[in-house]
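A short worksheet on the structure shown next.
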Amino acid sequence: MDTKPALLTYGDHPAQFLQIWPPQGPPTGAILVIHGGLWQARYDLGYMEALCVDLAARGLVAVNLEYRRLGHPGGGWPGTYQDVLAGLAAAQQACPGLPWRVLGHSAGGQLALRLAADCPDLEAVLALAPVSALRWEGQPPLCREAIADFLGGTRDSRWDTYEEADPLAHPCKVPTLLAHGTADHMVPVGMSRHFKERWRSGGGAVELLELPGVDHFRLVDPLSAAWQEIAGHVVATPQH
């Protein structure tokens, strides 16, 4: 399989582009992949490339999304999220007629979950160690500070912004899977447990896959046993 993706821009900023990894044969579907990294410019989509190669080998068109982040003009909320919406629209236009899923890791999990609430025609959302509950009291300092930077202030000072950005505040019709390692010290599994408990369904279902002893990045390592378990859910056809 050719491991060089096609590139597609969807805006004027250098960070507004997609890598499109096609499968060898006819695609069975497509998936938008959203990387994490505290929503900050110093982290980019590169660490998700191996995962996209794996997804393409499983028959999916894998679209690795880059977007403006903190440190870029327009980065932060809502500009970062607007890029995710625009990136999905550009990907769907480039690959028409396919059922679409979205996968997000860490901070990208927040973006994926929020996207699914606004895009009910998605087939599924898969959030890996997601920053899923922006107002959860149990956040470690790293999460709390990153969220405040992304949203421009604390929960008390920016309540309306937190309400707008928090996936928990927006019911979702899309079948949702959270996957979280119990040894994750960056985004604790308690956040995903809290999300599942407080889930506001708009008609979709939510599942939580807990992976004992797995850390934050093992989830997106295509050579790991954790990813092999998750991948079975990625390629399965969800039931609405």
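The values are calculated or read from the model by the stated rules, or taken from the named source; none is laboratory data. Fair warning: this is a prediction, and the values are worked out from it, not measured in the lab. Quick reminder, even Gly has a Cβ in these numbers, built from the backbone with ideal geometry, and neighbours come from all protein chains shown. The accessibility values were calculated without ligands, DNA or RNA, using every heavy atom of the protein model including side chains. Shrake-Rupley method; radii C 1.70, N 1.55, O 1.52, S 1.80 Å.
Among 217, 17, what's the order by accessible area (1.4 angstrom probe), most exposed first?
217, 17
Whenever you get a sec, compute what percent of the accessible area on the chain sits on carbon and sulfur atoms (1.4 Å probe).
Carbon and sulfur atoms account for 52 percent of the accessible area of the chain.
Working out 0.36 nm times the residue gap between residue 198 and residue 185, then minus their Cα-Cα distance, what length gain in nm do you get to one decimal?
Stretched out fully, the residue 198 to residue 185 stretch lengthens by 2.5 nm.
Based on DSSP H runs of at least 4 residues, each adding -39500 (n - 2.57), what is the mean residue ellipticity at 222 nm of the chain after dividing by all its residues, to the nearest 500 deg cm²/dmol?
It comes out at -9500 deg cm²/dmol, rounded to the nearest 500.
Quick one: pull the percentage of alpha-carbon pairs in the stretch 150-211 with a separation above 20 Å.
Roughly 39 percent, rounded to a whole number.
Counting only DSSP beta bridges with both residues in the chain, what percent are antiparallel, rounded to the nearest 5?
20 percent
Rounded to the nearest angstrom and ordered from largest down, what semi-axes does the equivalent ellipsoid of the stretch 103-180 get from its C-alpha gyration tensor (root of 5λ)?
22, 14, 9
First measure r as the distance between the Cβ atoms of residue 148 and residue 42, then evaluate 1/(1 + (r/R0)^6) with R0 = 30 Å and state the FRET efficiency to the nearest 0.05.
The formula returns an efficiency of 0.95 here.
Between the stretch 121-152 and the stretch 46-107, what's the alpha-carbon centroid distance in Å?
The two parts, judged by their Cα centres, are 17 Å apart.
Which percent of Cα-Cα pairs in the stretch 1-127 sits in each 10 Å bin, short to long?
Cα pair-distance distribution for the stretch 1-127, in percent: 14, 50, 31, 4.
If you filter the stretch 28-116 for trypsin sites (Lys or Arg not before Pro), then keep DSSP loop positions with at most 13 other Cβ within 10 Å, what is left?
Sites meeting the loop and neighbour criteria: 42.
Which value, to two decimals, describes the C-alpha radius of gyration of the chain once divided by 2.2 N^0.38 Å?
Rounded to two decimals, the normalised Rg is 0.92.
For the stretch 32-48, in order, what is each residue's ³J(HN,Hα) by Karplus, 6.51 cos²θ - 1.76 cosθ + 1.60 with θ = phi - 60°, in whole Hz (x at glycine and Pro)?
Coupling constants for the stretch 32-48: 8, 10, 10, 6, x, x, 6, 6, 10, 5, 6, 10, 10, 6, x, 6, 9 Hz.
Taking the solvent-accessible surface of protein heavy atoms with a 1.4 Å probe, what is the per residue accessible area of the chain in Å²?
Computed with neighbouring chains in place, this is 42 Å² per residue.
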